[in-house]
1. Test of understanding: express the Cα radius of gyration of the protein assembly as shown as a ratio to 2.2 N^0.38 Å, with N the residue count.
2. Among B:Lys223/B:Lys357; A:Lys242/B:Lys124; C:Lys38/C:Lys90, which pairs are too far apart, with a Cα-Cα distance over 24 Å?
3. Based on a Kirkwood Rh over C-alpha pairs, give the Stokes-Einstein translational diffusion coefficient of region B:314-380 at 25 °C and viscosity 0.890 mPa s in µm²/s.
4. Which number do you get for Rg(Cα) / (2.2 N^0.38 Å) in region C:28-139?
5. Treat each spin label as a single point 7 Å out from the Cα along the C-beta direction, and report the B:Leu16 to A:Val221 distance in nm.
6. Using the Kirkwood formula on the Cα atoms of region A:15-172, what hydrodynamic radius do you get, in angstrom to one decimal?
7. Give the Rg (one decimal place) followed by the Dmax (whole number) of region A:77-163, computed from C-alpha coordinates and expressed in Å.
8. Across peptide B:146-159, how many C-beta atoms of other chains are within 10 Å of each residue C-beta, on average?
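Taken together, the values in this text are just the output of simple stated rules run on the coordinates, not laboratory data. Just so you know, these numbers come straight off a predicted model, no measurement behind them. Counting neighbours? That spans all protein chains shown, and the Cβs are built from the backbone with ideal geometry, glycine included.
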Amino acid sequence: MDNTTNTLAEQSKLRRLVNSYGVPRLIITGFLLLMFILAPVAGVDFATQITNVINRFSWNAIMVLAMVPMIHSGCGLNFGLPLGIISGLLGATLSIEFGFTGGMSFLMAIVIATPFALVLGGGYGWMLNKIKGGEMMVATYVGFSSVSFMCMMWLLLPYKSPTMVWGFAGKGLRTTISLEGFYDQFLAKFLQIDLNRFGINLVIPTGSLLFFALLAFLMWVFLHTKTGTAMTAVGSNPTFAKAAGISVDKTRLLSVVLSTWLGAVGILLYEQGFGFVQIYMAPLNMAFPAVAAILIGGASVNKASITNVIIGTILYQGLVTMTPTVMNAIVHLDISEVIRIIVSNGMIVYALTRKTEGGK
Amino acid sequence: MKKTNVPGSQSFGQKLLQFIRNNTVPIMFILICAYCIPQAGFSWSYLLNEVMTRLGRNAFLILSLLIPVMAGMGMNFGMTLGAMAGEIGLIFAADWQVWGIPGMILAAIVSIPISVALGVMIGKILNRSKGREMITSYMISFTMNGVYQFVVLFMMGPIIPIVHDSLKLPRGYGIRNTVSLLSMRQSLDNLLAVQVGGVKIPVLTLLIIGLACLFIVWFRKTKLGQDMRAVGQDMEVARDAGINVERTRVISMVISTVFAGFGMIIYLQNVGNFPTYTAHTQIGMFAIAALLVGGASVDRASIGNVFLGVILFHTMFIVAPKTGAAITGDSMIGEYFRVFVSYAVITLALVMYESKKRKNKSLAGQQLAAEQAAEEEASK
Amino acid sequence: MKAKRRLLFQILAVVLLVAIGYTMTIIGRGHTIYLDSKTLEYDGQTYKPAYKTVVYVDGQQVAKLYDKERGVATCIGQTLTVTLEITQQKGGTEEVYAYNIPVPRKMDNVIINLPGFLAGLPEEAYLSEFIPSPDEVAADETDVPSDDDFGMEDMGMGDESAAQ
């Protein structure tokens with residue numbers, strides 16, 4: 001009798017642990033661990049893999065971080081991330097157009113992107129305030145429309161810099177713009193740790209990681225300020241927040257602007273690591289990996305923390321980088337793309353079906 | 001759904017304004033088309049022919065969206081799944097070398113069980129995410145695209161038998177990037193086709209579309225259709241009235257998915273071949289955009305909206321690249337423009353729907369508050 | 001009782017659909033038919049082709065065959081209905097015949113030797129399966145350009161850009 005209750009208790013304890021970690025996250029972590037274990041068996045260089053994962057982490061982490069403010073304020077998952085990305089792209093292209101080079105072009109890109117992010121984010125936030133409850137679907141399509149609208153703009157805006165426009169026409173931006181001579185690897189090279197000297201193929205882009213750490217820390221601090229806690233209050237219980245004298249609309253607007261700005265900075269950091277600016281239709285689907293990453297990290301539609309961002313990005317990027325190489329080495333089947341599509345989008349579906357919405 | 005305006009209480013000007021406000025999107029599109037058509041400089045017979053082709057091609061797909069709207073589940077982005085089922089049916093028909101209209105019927109029959117299973121699945125998932133059906137169905141279509149790839153790219157060949165090597169990739173498993181439907185190309189459209197002043201009218205296809213319309217009209221009148229509308233109006237009230245809300249919603253998704261499968265088969269027989277892995281990805285978006293262009297909203301869509309939508313949306317689609325080229329000297333502008341318009345229309349419709357919903361909600365809230373206040377006053 | 005009837009109807013519907021589907025695989029089975037006008041040796045006898053054979057299917061001319069030539073026709077179902085316009089000698093008169101040639105359901109590509117068929121030989125004499133060589137299959141691979149891609153390629157919705 002005693003025995004059974006004991007095991008039952010233990011079972012529920014285990015179950016609680018599993019539940020707190022989340023079943024999908026558990027599966028993905030397990031899968032990733034399996035990949036790491038299989039990597040040496042498959043003859044894949046372990047250090048290279050780690051380098052890849054860290055690199056990808058440093059490229060994508062800020063775009064995932066951009067999800068946090070909007071989730072906190074109850075605006076749901078920011079499927080409208082492309083709007084922020086557009087601001088970032090405007091910053092990047094204008095900074096090059098104005099003739100900035102090297103590290104300066106990165107700083108100027110952020111500076112130029114900021115007003116765009118503020119204006120676009122402001123308009124976007126204003127609109128989301130009109131449609132509380134239906135944010136996510138609208139956000140998706142706001143992202144899509146803005147990307148396709150900018151496609152026309154990239155062709156029509158009077159860009160002149162020969163590094164960016166089509167050579168033969170002399171106008172219209174190229175689909176990919178190389179950042180060589182601009183801010184390619186600018187942060188990644190800063191304090192870079194390269195173990196190739198010791199025969200280990202491990203390179204750590206310290207600068208990028210520090211930059212992310214700085215922004216993540218600032219976000220953490222922000223969430224603990226008065227405004228930040230107000231934001232969380234608005235997200236978890238709008239009625240209560242209103243009663244406490246917080247302006248719900250203003251707080252939501254602020255969170256959307258913040259998300260958009262982080263999206264802008266996020267894409268700049270991504271380009272910095274990737275080495276190219278991709279325009280036209282490239283930003284269209286960039287929101288989905290970021291959304292999937294934060295959900296894999298354990299966030300839900302209305303709850304997210306910095307830890308979710310870090311864990312999620314590592315897991316998601318690990319999955320994306322590890323599976324193709326390991327799978328190909330073992331079974332010679334390029335099934336990784338399929339796995340990525342199912343896992344990342346399936347994760348979003350899973351999160352959407354969870355009954356976690358505070359208000360409803 | 002009926003307007004509650006007191007007749008005669010409005011002046012003509014107000015009525016006109018009301019009409020314009022209720023039909024913003026179609027009016028906008030008529031203006032766009034009116035501007036673009038002369039710019040593009042196509043001959044009328046060419047334009048009419050193209051519009052007729054696209055009407056026959058797309059109308060059935062768009063009809064599949066009507067029933068979930070009735071059940072209050074919004075635009076069914078999950079119709080993509082039906083399209084996938086239709087494609088799988090066509091792959092089998094092509095592999096078994098069944099040609100012409102029998103091939104299409106066979107493909108339709110093969111697609112039914114797949115569509116039903118997928119429809120039940122979406123319905124069940126959407127029952128768990130009430131209030132955000134659209135984004136969920138959208139993400140489901142993305143996820144299932146992965147599953148479709150898995151089935152078609154990896155399982156067809158070793159697990160699901162495919163007879164003809166000509167259909168398979170050279171590596172021995174998986175279907176080639178393009179499936180040719182040359183043997184059933186336009187077999188439905190050409191049978192009983194009538195030429196009127198250089199415009200080919202695919203009578204049989206239109207008849208089938210007409211039958212689907214009749215089905216929808218009839219279905220609205222059945223007990224199930226009435227239940228569905230009740231569920232669409234207010235889930236709680238419907239539940240209190242003894243309607244099995246969950247089941248009704250699942251059925252609406254099943255019907256929509258099966259219809260979408262048929263629609264995809266009709267669509268692809270017209271085109272004559274399909275890119276195996278990308279044919280379905282855009283279908284949902286274009287169908288939804290066309291329906292919204294026709295004046296539908298997320299909670300109200302009629303058969304009239306379908307036809308007006310197909311005609312306006314596809315006219316824009318045909319003339320936009322040429323117009324863009326005529327104005328800016330770059331045909332890509334027109335291409336991007338039509339993509340932008342498709343997205344923008346959906347965005348606009350979603351924003352209008354959500355803001356209206358919210359306004360009604362807050363109005364109801366205010367009313368409730370006022371009533372409560374009045375009651376308190378009275379009790380004092 | 002009601003549930004039982006319901007189940008019965010459902011089963012009936014499924015059976016009906018399967019039956020229709022199976023019927024379709026028979027009446028809709030497509031064949032590519034290669035019509036050969038060349039000399040056939042069978043049972044020690046030689047059957048010589050006519051000087052000229054014009055083949056009509058569904059009232060449309062599909063081939064005009066001289067000696068050692070091959071024409072292609074398609075047929076849906078298990079009977080190929082052809083009208084042959086045969087000129088035995090050069091400068092001779094045309095004779096018109098209509099034939100129903102049975103085609104085995106399992107074969108995709110069928111070769112029919114016309115002199116053999118016209119002489120009334122058994123099926124195995126004039127009919128054989130055509131197996132395309134692997135090269136030809138590879139040649140078929142060239143992607144048929146879709147006449148309307150809806151600008152799908154441009155839209156990048158294939159989710160591939162998201163991988164980066």
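1. Normalised by 2.2 N^0.38 Å, the Cα Rg of the protein assembly as shown equals 1.08.
2. From the list (B:Lys223/B:Lys357; A:Lys242/B:Lys124; C:Lys38/C:Lys90), the Cα-Cα distance tops 24 Å for B:Lys223/B:Lys357; A:Lys242/B:Lys124.
3. 159
4. 1.06
5. Taking the two extended label points, one gets 6.1 nm.
6. Evaluated on region A:15-172, it is 19.1 Å.
7. Answer for region A:77-163, Rg first and Dmax second: 14.5, 46 Å.
8. 3
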